[in-house]
């Protein structure tokens with residue numbers, strides 16, 4: 001009998017906890033490295049090109065996410081389908097999913113690049129981007145989207161590797177490209193005075209490097225995930241399975257991004273100093289968010305494989321362990337960021353007004369970031385069980401719609417920075433409760449189907 005560990009969250013399975021943590025650790029490192037490399041973009045441009053350049057780059061994040069996330073969500077479908085087939089030892093299904101996924105990534109990458117370049121200027125104008133930075137923001141976005149096809153391929157390839165339990169190689173590839181990105185940042189911005197254009201081109205080059213590395217890895221793999229360009233095609237059965245999970249996941253991300261775009265528009269109304277402060281603070285906050293996101297990937301992989309193996313009792317243990325991970329991260333990292341926030345913000349700018357405003361946002365965010373982690377991690381459990389609609393609806397109501405209501409009521413009545421940023425913790429909490437409820441409903445459905453002899457496991 002396996003040992004159990006008793007905590008305030010119930011009994012835990014130490015071997016499973018250890019296994020999930022070892023799996024999540026490379027993803028965590030990868031996410032933190034990605035954050036560090038993104039932060040390097042902001043730090044270099046803020047230090048060498050000033051607060052306006054920092055604000056210009058920071059003002060683009062919500063728009064980029066809005067355009068990218070719909071299609072990037074399909075990689076979630078890839079992760080779930082490959083993990084389920086891997087758990088059930090359906091080797092031909094894995095092979096078909098690999099080649100279908102790479103084909104999807106290439107097609108959607110080109111589509112997203114075209115949309116991003118074409119919609120950049122009108123979208124930034126609609127968001128109310130301050131006039132003193134909009135030309136720089138537009139320049140950054142147009143260059144950035146040239147690298148999106150490569151980014152799509154990398155993310156789909158990384159999803160394939162993680163689905164079969166390999167979370168290390170994506171980290172290695174990102175590390176290499178990130179180092180290249182930082183070096184190019186310094187060369188282009190500090191050396192050649194290219195400003196935001198230099199930061200954007202550095203990102204594009206590093207994205208294509210990660211694509212080359214991930215595709216080389218898949219091509220040389222000896223297992224069922226091996227990629228062969230001659231077998232590149234879209235298998236409709238696998239496409240359907242991927243879309244059924246990935247499209248709602250993508251729509252959820254889009255809905256979430258829409259709400260962030262609306263908040264960014266409100267931030268823009270306070271002027272470029274506030275935009276710079278919010279951008280710097282958001283980068284610091286993401287240290288916690290990206291760490292928690294590794295648990296989301298672990299939840300998808302372990303739950304998907306458990307579904308494929310029809311080991312449904314294990315899913316409850318995965319949910320408990322995921323909750324413990326989120327809570328511990330919030331207490332340790334969230335507490336550290338709240339305490340050391342000022343020197344961290346000082347890495348991005350020397351402007352005391354920007355730092356003061358950034359600290360006000362940081363304190364609000366870190367106070368309840370646990371709810372943000374629950375909101376982000378639990379959808380992975382639910383999707384891996386085959387239900388991608390409920391997480392989407394929970395995000396729609398708890399995050400997107402509620403944020404809109406908050407902006408047109410509370411923020412309109414009290415148009416202060418405090419009331420604007422309070423929209424985040426309020427909606428995180430509501431959406432988090434919805435995601436937990438969605439998980440328990442999907443879990444109940446799975447157990448009912450499993451208890452019916454003539455019903456097979458619920459696999460997408």
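Every read-out reported here was derived from the displayed coordinates using simple, explicitly stated rules and does not represent laboratory data. Since this is a predicted model, take the numbers as computed values, not measurements. As a convention, Cβ positions derive from the backbone with ideal geometry for all residues, glycine included, and neighbour counts pool all protein chains shown.
Nearest 500 deg cm²/dmol is fine: what mean residue ellipticity at 222 nm does the chain get from its DSSP H runs of n ≥ 4 alone, each adding -39,500 (n - 2.57), divided by its residue count? It would help to have the intermediate numbers written out before the result.
On the way: 20 runs with 359 residues, N = 460.
Mean residue ellipticity, 222 nm, calculated: -26500 deg cm²/dmol.
For the pair residue 183/residue 339, report the inter-label distance in nm, with labels modelled 7 Å from Cα in the Cβ direction.
According to this spin-label approximation, the distance is 3.7 nm.
List the relative contact order of the chain as a percent without decimals, with contacts defined as Cα pairs under 8 Å and 6+ residues apart. Could you put the intermediate results ahead of the total?
Numbers: 763 pairs, mean separation 104.9, N = 460.
It rounds to 23 percent for the chain.
Expressed as an acute angle from 0 to 90° and rounded to the nearest 10, what is the orientation of the C-alpha long axis of helix 91-126 relative to the principal long axis of the chain?
Roughly 20 degrees, rounded to the nearest 10.
Restricting the calculation to Cα positions, tell me the Rg (one decimal) and the Dmax (whole number) of segment 273-344 in Å.
16.5, 54
Let me check the size of segment 75-182 from its C-alpha atoms; what are the radius of gyration and Dmax in Å?
Considering segment 75-182 through its Cα atoms, Rg and Dmax are 17.6, 57 Å.
Run the quick spin-label model on residue 313 and residue 393: label points 7 Å from Cα toward the beta carbon, then report their separation in nm to one decimal.
About 3.1 nm separates the two model spin labels.
Run the Debye formula on the Cα coordinates of segment 333-426, all scatterers equal and no solvent, and tell me log10 I(q)/I(0) at q = 0.10, 0.11, 0.15, 0.23 1/Å.
Values, matching the q order: -0.38, -0.45, -0.75, -1.10.
On a 0 to 90 degree scale, rounded to 10, what angle separates helix 423-450 from the longest Cα axis of the chain?
Taking Cα atoms only, the helix is inclined about 10 degrees.
Tell me, what is the FRET efficiency for residue 219 and residue 448 to the nearest 0.05, using R0 = 35 angstrom and their Cβ-Cβ distance as r? Intermediate results must be reported in sequence, preceding the final value.
Working: r = 43 Å, r/R0 = 1.22.
Computed FRET efficiency for residue 219 and residue 448 comes out at 0.25.
How much length is gained on full extension from residue 25 to residue 414, taking 0.36 nm per residue of separation minus their Cα-Cα distance? Present the calculation step by step, with values, prior to reporting the outcome.
Working: separation 389, 0.36 × 389 = 140.04 nm, distance 4.23 nm.
Length difference between fully extended and current span is 135.8 nm.
Suppose we take every Cα in the chain and form the convex hull; what volume per residue is that in Å³? Each step should come with its number before you reach the end.
Working: hull volume 61.1 nm³, N = 460.
Spelled out: Cα convex hull of the chain, divided by residues, is 133 Å³.
Helix 134-144 versus the longest principal axis of the chain: what angle, 0 to 90°, nearest 10, using Cα atoms?
So the helix axis and the longest Cα principal axis differ by about 30 degrees.
Fully extended, how many nm does the chain gain between residue 353 and residue 328 (0.36 nm per residue separation, minus their Cα-Cα distance)? Don't skip to the end; give the middle numbers.
Working: separation 25, 0.36 × 25 = 9.00 nm, distance 3.22 nm.
Residue separation times 0.36 nm, minus the Cα-Cα distance, leaves 5.8 nm.
Calculate the length of the line joining the C-alpha centroid of segment 224-268 to that of segment 128-165, in whole Å.
14 Å
Normalise the Cα radius of gyration of segment 255-381 by 2.2 N^0.38 Å (N = residues in it) and let me know the number.
1.25
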